[in-house]
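Since the structure comes first, as structure tokens, the remarks are kept for the end.
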Amino acid sequence: MESDIMQIKIDRVENTRIHEVDFGNIPFGREFADHMFMCDYKDGKWTDFRIEQYRPIEYKPAMLGLHYGQTIFEGMKAYRNINGEIMMFRPEDNFRRLNRSAERMCMPTIPVDLMMEALRELLKLDSGWVPKDTESALYIRPFMFATDEFLGVKPSETYRCIIFTGPVGPYYTTPLKVMVEENFTRAAKGGTGSAKAGGNYGGALYPTKLAQQKGYHQILWTDSIEHKYIEESGTMNVMFQIGDALVTPPTGDTILQGITRDSVLTLAVDLGIEVEERRISVEELKVAHERGQLKDAFGVGTAATIAPIELIGYQGKDMVLPPVSERLLSKKISDGLKAIRYGKVEDRFGWMISMN
Ligand code: COI
């Protein structure tokens, strides 16, 4: 996709808000750093690159992105490693996925190099916002939406892309109770399930609310045809330890190609763990649980990293999993990932990118 030569106009804030943040107790998704990057797509190219104060933006009520769902996003994290350097975890993979989502939603792609350069500039200005402790990170939210003022249903001709950031603590603070969903569907074959499109998340809210009314935190999504095979959990990919093997459903057009998912599988193989990417039926989980073989279940995603599942509700009964303290395999992977992110061990996979 074409873009003007990128020259970023920088309008630095006069007064930082950083002193208002309690870095010892950061909730997820409520604090936002001082600056944001923006650019616009018009006349077939990306233009008007700028960094300015994180602030409200104004749009006309007829803006297409507000009506027909041409809106996509990414989630990624910057860490401060033990040497004080600011490091990103696989950011180019996120920008490549943003472009895959863009293609699926009939939106323009945006050059990965351009996004990386924008992020570097943004992080230079807001480096103080990257938390210093190893339980937190700077969450980065690139997103893009349609901006034509028009009510016909067609791809917009103009778009805005924004990157804003904010320090975050853990997304989940307790192990999750999840419920197998047998009526509602997150994603159907041929649909948009593998894109990070806003509508996928909006459509999940109602079934999630119903599950929460029954005492669960999140849904364990099943396939749209038979509601028999596991797909994702909440907003995350999902993995199980059955016996000694780490098992996860294969990605496809109903399952997001998670970057944390890929990293966990890569690390698991590296640690000598048997990994199986294959369909998993709810029935298989039930039988494995009855035989004491379902040793672990966890969600994986950028926001939550590795989120242990405490129990799985299925047809009115709960399959309670072993205590989190006994789950050595996922702990090993989680510790391994953390050690790479914070620079405690050598990054043999080339995942960490210095943003200094
Ligand atoms: C992420 O893990 O970054 C996600 O996409 C979850 C988000 C919807 C909070």
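Worth pointing out:
- Accessible surface of the chain, 1.4 Å probe, proportion on carbon and sulfur as whole %: 49
- Here the chain is treated as a Stokes sphere of Kirkwood radius computed over C-alpha pairs; at 10 °C and 1.306 mPa s its diffusion coefficient rounds to 74 µm²/s.
- Stokes-Einstein translational diffusion, the stretch 9-168 - Kirkwood Rh over all Cα pairs, 1.567 mPa s, 4 °C, in µm²/s: 79
- Quotient of Cα Rg and 2.2 N^0.38 Å for the stretch 36-110, N being how many residues it contains: 1.36
- Members of Lys209/Lys295; Lys177/Lys286; Lys77/Lys196; Lys60/Lys209; Lys177/Lys214 lying beyond 19 Å, as alpha-carbon distances in this model show: Lys209/Lys295; Lys60/Lys209
- Separation between Cα centres of the stretch 100-177 and the stretch 75-96, rounded to whole Å: 13
- Computed on the stretch 186-294, with alpha-carbon pairs under 8 angstrom and 6+ residues apart, the relative contact order is 28 percent.
- Contact order, relative form, for the stretch 223-345: 26 percent (alpha carbon pairs under 8 Å, 6 or more residues apart, mean separation divided by residue count).
- Helix 112-125 axis versus longest C-alpha principal axis of the chain: approximately 80°, rounded to the nearest ten.
- When both the stretch 285-305 and the stretch 1-55 are represented by their alpha-carbon centers, they are found 38 Å apart.
- Protein-only accessible surface order, largest first, of Leu271, Leu246 at 1.4 Å: Leu271, Leu246
- Degrees between helix 259-270 axis and first principal axis of the chain (Cα, 0 to 90, nearest 10): 50
- Mean-square fluctuations from a GNM of the chain, with a 10 angstrom spring cutoff on Cα atoms, peak among Asp244, Asp22, Asp48 at Asp22.
- For the stretch 184-276, the square roots of the Cα gyration tensor eigenvalues, ordered a ≥ b ≥ c, give a/c of at least 1.5 with a/b greater than b/c, which places it in the prolate category.
- Accessible solvent surface per residue of the chain, calculated while the other protein chains remain in place, 1.4 angstrom probe, Å²: 46
- Stokes-Einstein diffusion for the stretch 176-341 at 4 °C, viscosity 1.567 mPa s, with a Kirkwood radius from C-alpha pairs, works out to 82 µm²/s.
- Of all beta bridges that DSSP places with both ends in the chain, some 80 percent have antiparallel geometry.
- Based on Cα contacts under 8 Å between residues 6+ apart, the chain shows a relative contact order of 19 percent.
- On Cα atoms only, tilt of 328-341 relative to the major axis of the chain in degrees: 20
- Given their separation in residues at 0.36 nm each and the Cα-Cα distance between them, His67 and Leu151 gain 29.4 nm when the chain is fully extended.
- Backbone HN-Hα couplings from phi across the stretch 52-58 [Karplus 6.51/-1.76/1.60, Hz, Gly and Pro as x]: 9, 4, 5, 7, x, 10, 9
The values are calculated or read from the model by the stated rules, or taken from the named source; none is laboratory data. Everything quoted here is computed from the prediction, not taken from an experiment. Please note that ligands, DNA and RNA were not included when accessible areas were found on the heavy atoms of the full protein model with its side chains. Shrake-Rupley method; radii C 1.70, N 1.55, O 1.52, S 1.80 Å.
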